[in-house]
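**Q** Quick one: structure below, then a few questions.
The values are calculated or read from the model by the stated rules, or taken from the named source; none is laboratory data. Keep in mind it's a predicted model, so treat the numbers as computed, not measured. When we count neighbours, we look across all protein chains shown, and the Cβ atoms used for this are built from the backbone with ideal geometry, even at glycine.
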Amino acid sequence: MDIQQILEDIQAEVRPLLDQGRVASYIPELAVVPGDKFGMVVRTVDGASYAVGDAGERFSIQSISKIFTLTMAMQLAGDDLWKRVGREPSGNPFNSLVQLEYENGKPRNPFINAGALVVTDVILGHLDNATETVRDIVRGLCDKDDIDFDLAVAGSEQATGHRNKAMAYFLKSFNNLDNQPERVLDAYFHHCSLAMTCLELCEAVLFLANNGVAPLSGDLVMTGNQVKYVNSLLLTCGTYDAVGDFAYRVGLPAKSGVGGGIVAIMPGQFSACVWSPGLDASGNSLAGSKALELFTTKTGVSVF
Ligand code: DON
């Protein structure tokens with residue numbers, strides 16, 4: 001199979017879609033990114049990588065960071081994590097507040113914002129420098145020492161993230177945050193602001209396709225069973241209230257971010273990352289979702 005040719009065909013096919021999504025503007029600093037960017041990378045567990053378009057340009061990973069914080073919280077807290085956050089799809093927007101009220105402050109899953117705030121609180125409870133530790137783990141996973149927070153993006157969200165602030169205080173009112181809400185929010189905004197390329201993201205999540213082993217370092221990031229847990233959560237919760245449609249079309253565990261990135265995992269074979277800033281109504285990259293759908297359709301490779 002000529003993967004490079006398939007990626008080039010996909011790039012051409014999704015070009016008309018690039019101006020159909022809407023670049024996120026509720027974090028003002030994200031709105032400055034040109035909507036016509038498109039990059040895609042596939043990185044196999046045996047060391048091959050294929051790239052097209054703006055694959056070497058760093059973008060704001062936003063909610064894709066929730067994979068790394070969840071991975072850490074699972075190591076640090078074990079099964080206790082699940083006393084504070086659920087494992088069901090939310091069926092609601094990623095920043096919804098209403099469900100939290102009905103469900104007494106226990107977020108549905110770790111990939112919606114409320115769940116990630118609890119996950120961040122867990123990490124803060126175990127580590128002195130949790131904000132930097134998450135960045136350093138990501139640096140290690142893709143062997144790139146210059147991966148860093150985009151402080152303009154973090155500051156922009158700090159200044160305008162009133163809904164996340166409401167959510168953190170709401171969680172605190174249910175005693176589901178140990179730390180002060182502002183401390184949790186600061187760490188969370190920093191993690192979301194990490195800037196990475198498609199190739200770097202592929203490297204960083206490849207352990208999820210490789211039975212828990214990071215291929216670059218040979219380090220065991222998590223056990224095979226934990227990989228099963230994370231990939232199952234990605235498949236059922238990683239793309240928010242569009243998760244059923246996304247799973248139907250793409251057929252891979254995946255995580256999106258409002259910076260327009262999506263990472264996807266094919267266990268035993270590869271990780272993929274696509275970046276296109278225009279989003280659909282659920283906050284997932286519009287052209288990016290289509291590109292991944294075309295990839296699994298053209299190759300015939302998906303978890304199903
Ligand atoms: O908390 C927020 O709203 C953003 N920092 C991240 C949201 C996000 O990426 C959801 N993704 N589709």
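**Q** Could you count how many residues in region 254-304 are modelled with pLDDT under 95 and either in contact with a Gly (Cβ under 9 Å, 6 or more places away or on another chain) or crowded, with 24+ Cβ neighbours inside 10 Å (or both)?
**A** Residues meeting the conditions: 1.
**Q** If the Cβ limit is 7 Å and pairs must be 6+ apart or interchain, which residue in region 12-25 that is over 18 Å from LEU292 (Cα atoms) pairs with which residue that is assigned to a loop (DSSP other than H, G, I, E, B)?
**A** VAL23/VAL33; VAL23/GLY35; VAL23/PRO277; ALA24/VAL258
**Q** Pick from ALA187, ALA166: which is at pLDDT 95 or above, surrounded by fewer than 18 Cβ atoms within 10 Å (Cβ to Cβ), within 16 Å of the ligand (Cβ to nearest atom) and not acidic (Asp, Glu)?
**A** ALA166
**Q** In the set ALA204, ALA195, which member is within 15 Å of the ligand (Cβ to nearest atom) and either free of Cβ contacts under 8 Å to residues at least 24 places away in the same chain or among the small types (Gly, Ala, Ser) (or both)?
**A** ALA195
**Q** Right, another one. Kindly indicate the residue of region 89-116 that is among the charged types (D, E, K, R) and over 22 Å from ASP280 (Cβ atoms) and also surrounded by the fewest Cβ atoms within 10 Å (Cβ to Cβ) among those meeting that condition.
**A** Among those residues, the one meeting the criterion is GLU101.
**Q** Identify the residue in region 216-242 that is within 15 Å of the ligand (Cβ to nearest atom) and without any contact (Cβ under 8 Å) to a residue 60 or more places away in the chain and, among all such residues, is farthest from GLN75 (Cα to Cα).
**A** In this case the residue turns out to be ALA242.
**Q** Residue check, ALA24 against (1) away from the ligand (no atom under 16 Å from the Cβ); (2) surrounded by fewer than 23 Cβ atoms within 10 Å (Cβ to Cβ); (3) small (Gly, Ala, Ser), all met but one. Which one?
**A** It fails just one condition, (1).
Conditions (1) more than 23 Å from ALA195 (Cα to Cα); (2) surrounded by 18 or more Cβ atoms within 10 Å (Cβ to Cβ), marked per residue:
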| position | (1), (2) |
| --- | --- |
| LEU17 | yes, yes |
| ASP46 | yes, no |
| PHE68 | no, yes |
| ASP79 | yes, no |
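**Q** What pairs can you find where one residue is in region 178-189 and more than 15 Å from ARG135 (Cα to Cα), the other is at pLDDT 95 or above and of a type in the set (Gly, Ala, Ser), and their Cβ atoms are less than 6 Å apart, with a gap of 6+ or different chains?
**A** Final answer for the pair search is ASP178/GLY125; PRO181/ALA168; VAL184/ALA168; LEU185/ALA168.
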